[in-house]
1. Among the residues that make up region 306-314, is at least one of them assigned to a strand (DSSP E or B) and buried (at least 24 other Cβ atoms within 10 Å of the Cβ)?
2. Can you pull out the residues in region 201-217 that are within 21 Å of residue 341 (Cβ to Cβ) and within 12 Å of the ligand (Cβ to nearest atom)?
3. Given the conditions (1) more than 14 Å from the ligand (Cβ to nearest atom); (2) at pLDDT below 95, report the number of the one that residue 185 does not fulfil.
4. Give the residues of region 356-383 that are more than 26 Å from the chain's Cα centre (by Cα) and outside any helix (DSSP H, G or I), sorted by residue number.
5. Might you let me know whether region 125-132 holds any residue that is at pLDDT below 90 and out of contact with any helix residue (DSSP H, G or I) (no Cβ under 7 Å at 6 or more places or on another chain)?
6. Can you work out which of the residues in region 116-130 that are more than 15 Å from the ligand (Cβ to nearest atom) and surrounded by fewer than 19 Cβ atoms within 10 Å (Cβ to Cβ) is nearest to residue 473 (Cα to Cα)?
7. Say we look at region 315-341 and pick out the residues that are away from the ligand (no atom under 14 Å from the Cβ) and farther than 15 Å from residue 191 by Cβ; which of these is surrounded by the fewest Cβ atoms within 10 Å (Cβ to Cβ)?
Ligand SMILES: Cc1ncc(COP(=O)(O)O)c(C=O)c1O
């Protein structure tokens, strides 16, 4: 009992500190400038998925530390440094402030994964990308030349907003032949990577204050994208056997979420796959509680044993599922081609946002993709690629056998999701690894609750086998060094 109370207190203090740090970071990075009003306690609690009391305590601490001040009935404001306060005469200050205020977003913009990827390192295990050496680059270059011969005006025009109609027709045929999914080309939207598809969904289908279910852990940029919309994220645990459907039904009944963002096949970061029976049951729940299921199928074709179950989209008869399929990972990452499938009601809400965003994905990349992807040579290549990736996964697992780290071996995808012993401080490990040219993803940024402090994601797909051996050897050494 005593231990639980101490543990709970410790957890609360940690949460309070994370709110405190988020505000300080926001001020340092210019999100809030001097004399700006901070988000209300309610809004901040929703944004960080914590109790309002936790936010209140963090604000009080900021107040005590002189970082913010409070105005009666108005809320908390960033304190002015003495120089800024002296500079600003009341009138000129008000003018510049109001202009500045309107030009800025009210929300935190962050992309924690790309912050890590931006660092140039020799041992790259943070990017879930495939080693360029494993892709048929010469063959792709030949296709590029042929596409220019076939479509001499390809650079002289726009694509339609939804995407090239020939490509969409071929993809509709592909979905039918490969998975028995009936989808009309009008129900397909070509996007610039799946990342854009998630962004378009987050901007078109949810609004401030809506509830959104999200896996815990999940693809870190998805958290950052939904946080931008100021929704309340409700985490759903994902385990090797899939979800806890009772938990999901409870959340759907009590919180009425607008959508559930899922990555159900060789999930990023865990590699887990949601089984068929849960797919059928979850589609029924979505219909009953009118919750849109967004299935992000980036790794569907990267399997090592049996192919994965059919997508949720296959089981949906009422139009509650949006299917996102990226070909970016294994076809040609540089083309950034993905397709989003949705029934007309949802599609009609998404297309205007795509139009506002970029007026359509470039026609050139769509045409190259179309001719390259459906060629028999590429389809044969994918079979070989699976074997090469499985070997790299096995190599990484073998090297890690010497440690007491724990993971579940994934049946596909590009990552290992690893739990480190409690005495390894992952923040310190990352700091020292980056200093020694090694990158990985800390588990915390994959957690909508910002905790999972003892987990890391290692991608085995990008670096060569030789680099993999050296990178893992060094990583283990550094982890030993940072043990407390
Ligand atoms: C689950 C998930 N969704 C989306 C993406 C982004 O993919 P794309 O390269 O197609 O934008 C990734 C990339 O790692 C991913 O893992």
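The values are calculated or read from the model by the stated rules, or taken from the named source; none is laboratory data. Computed from a prediction, not measured in an experiment: that's the story for all the values here. Counting neighbours? That spans all protein chains shown, and the Cβs are built from the backbone with ideal geometry, glycine included.
1. Among the residues of region 306-314, not one is assigned to a strand (DSSP E or B) and buried (at least 24 other Cβ atoms within 10 Å of the Cβ), which makes the answer no.
2. Across region 201-217, the qualifying residues are 201, 214, 215.
3. Here residue 185 clears every test but (2).
4. Those that are more than 26 Å from the chain's Cα centre (by Cα) and outside any helix (DSSP H, G or I): 374, 375.
5. Among the residues of region 125-132, not one is at pLDDT below 90 and out of contact with any helix residue (DSSP H, G or I) (no Cβ under 7 Å at 6 or more places or on another chain), which makes the answer no.
6. 122
7. Only one residue fits best here, namely 317.
Rundown of residues vs (1) surrounded by fewer than 24 Cβ atoms within 10 Å (Cβ to Cβ); (2) touching a helix residue (DSSP H, G or I) at 6+ places or on another chain (Cβ under 9 Å); (3) in a strand (DSSP E or B), yes/no style:
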{"site": "261", "(1), (2), (3)": "no, yes, yes"}
{"site": "265", "(1), (2), (3)": "no, no, no"}
{"site": "268", "(1), (2), (3)": "no, yes, no"}
{"site": "285", "(1), (2), (3)": "yes, yes, no"}
{"site": "295", "(1), (2), (3)": "no, yes, yes"}
